[in-house]
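S.K.: I have a structure I would like to understand better, so I am pasting it below and will then ask my questions one at a time.
Bear in mind that the values in this text are calculations on the coordinates, not laboratory data. Values in this document were obtained by computation on a predicted structure and should not be read as measured data. Neighbour counts run over all protein chains shown; Cβ positions are idealised from the backbone, glycine included.
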Amino acid sequence: MRGVIYVLTTLAVIGLAFWAYHENYKTQLAIKQSETLQRQIGQARARLAVLRGEWAYLNRPDRLRELAELNYDRLGLLPLAPEQFGKVDQVPYPSQKALRLPVGQPVDVMATEDRP
C-alpha cells in the first residue's frame with residue numbers, strides 16, 4: 001500500500017511541476033506581450049506628439065493669414081464684420097409645447113428607416 005502512495009505522490013509532484021513550468025512560460029509570454037504593447041503605446045504617443053506639433057505649426061495664425069491673402073480671389077473670402085453675426089433672440093428655438101411628450105401614451109423609439 002505504501003508503494004502505491006509513493007507512486008501517486010511522485011506522479012502528483014511531477015504533474016504539479018509540469019503545470020508550474022507551463023504556467024511560468026505562459027506568464028513570461030504575457031509579460032513580453034505587455035512590454036511590447038507598452039513600447040507600441042510609447043511610440044504611438046511620440047508620433048502623436050509630433051503630429052500635434054506639426055498641426056500647431058501648420059495652424060499658425062500668421063501662416064493662415066498669408067494663405068488667406070494668397071488665395072483671397074480664388075476662395076472668395078470676405079473680411080469678418082460684426083453685422084455677420086446673429087443675436088441670441090434670432091435663434092428659432094422650438095416652443096415648450098412642441099417639446100412636451102404626452103404622458104401615458106406609448107412612444108415609438110424604433111427607427112422607421114434603416115440607417116447606415
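S.K.: Which FRET efficiency value, to the nearest 0.05, is calculated for Ala46 and Arg74 with the Förster distance at 25 angstrom and r the Cβ-Cβ distance?
M.R.: Working: r = 38 Å, r/R0 = 1.50.
Approximately 0.10, to the nearest 0.05.
S.K.: What do you get for trypsin sites (Lys or Arg not before Pro) in segment 34-99 restricted to DSSP loop and a cutoff of at most 10 other Cβ within 10 Å of the site's Cβ?
M.R.: Numbers: sites: Arg39, Arg45, Arg47, Arg52, Arg63, Arg65, Arg74, Lys87, Lys97; in loops: Lys87.
For trypsin sites (Lys or Arg not before Pro) across segment 34-99 that sit outside H, G, I, E and B with at most 10 neighbouring Cβ atoms in 10 Å, the list reads Lys87.
S.K.: Once you put a point 7 Å from the Cα of Leu8 and another 7 Å from the Cα of Val88, both along the Cβ direction, what distance in nm separates them?
M.R.: So the two model labels end up 8.3 nm from each other.
S.K.: For Kirkwood radius over Cα pairs in Å, the choices are (1) 25.6; (2) 14.5; (3) 24.6; which was calculated from the structure?
M.R.: Of the listed options (1) 25.6; (2) 14.5; (3) 24.6, (3) comes from this structure.
S.K.: Size of the dipole of the chain about the Cα centre, Lys and Arg at +1 and Asp and Glu at -1 on the beta carbon, nothing else charged, in debye to 20? Let's see the in-between values first.
M.R.: Details: 15 positive and 12 negative charges, 127 e Å.
Computed about the Cα centre, the dipole is about 600 debye.
S.K.: Could you name the lysines in cross-link range of Lys87, using Cα to Cα under 26 Å and dropping any fewer than eight places away on the same chain?
M.R.: Result set, ordered by chain and number: Lys97.
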